[in-house]
Amino acid sequence: AGTVETQTWVLLAKAREATGDRRGALEAYARAARDAKGAEFTRDAFFGEARMLSAEKRWDQARAILERLLKSDDSSTVVEAAYGIGETFREEGDLLAAALSNLAPELSDAARHGLQALGRPTRTETR
């Protein structure tokens, strides 16, 4: 698909999102992300799809999309993606992971999990 088709899918997704049609918006954003050729529309499609997945409490899937955006050459995209990842953790109730995600988005999942483990009380500390 070309840029016009991708732009059409993004606009349709935004319209569906504005009217509260989450499922329809998610489908349109996903289609736009798959078909995207231009960087601007790819960015819109990925962020929109992640936003809809978060609204559906599908945080792991939203994070997977946002993590792809962390590799962008555009620093504002990387910052927005890192913030979005932190928000998914916050919405999930994991405030430590949210803070770590926003402070150090370049950390690998293994490093982030290790730091999270350091910040959580052990079983003997909670008794």
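Per the Kirkwood formula applied to alpha carbons, the stretch 1-73 shows a radius of gyration over Rh ratio, Rg over Rh, of 0.96. Within the accessible area of the stretch 1-93, the carbon and sulfur atoms contribute 49%, probe 1.4 Å, all protein chains present.
The values are calculated or read from the model by the stated rules, or taken from the named source; none is laboratory data. This one's a predicted model, so the numbers in the text were calculated from it and none came from an experiment. SASA here: full protein model, heavy atoms, side chains in, ligands and nucleic acids out. Shrake-Rupley method; radii C 1.70, N 1.55, O 1.52, S 1.80 Å.
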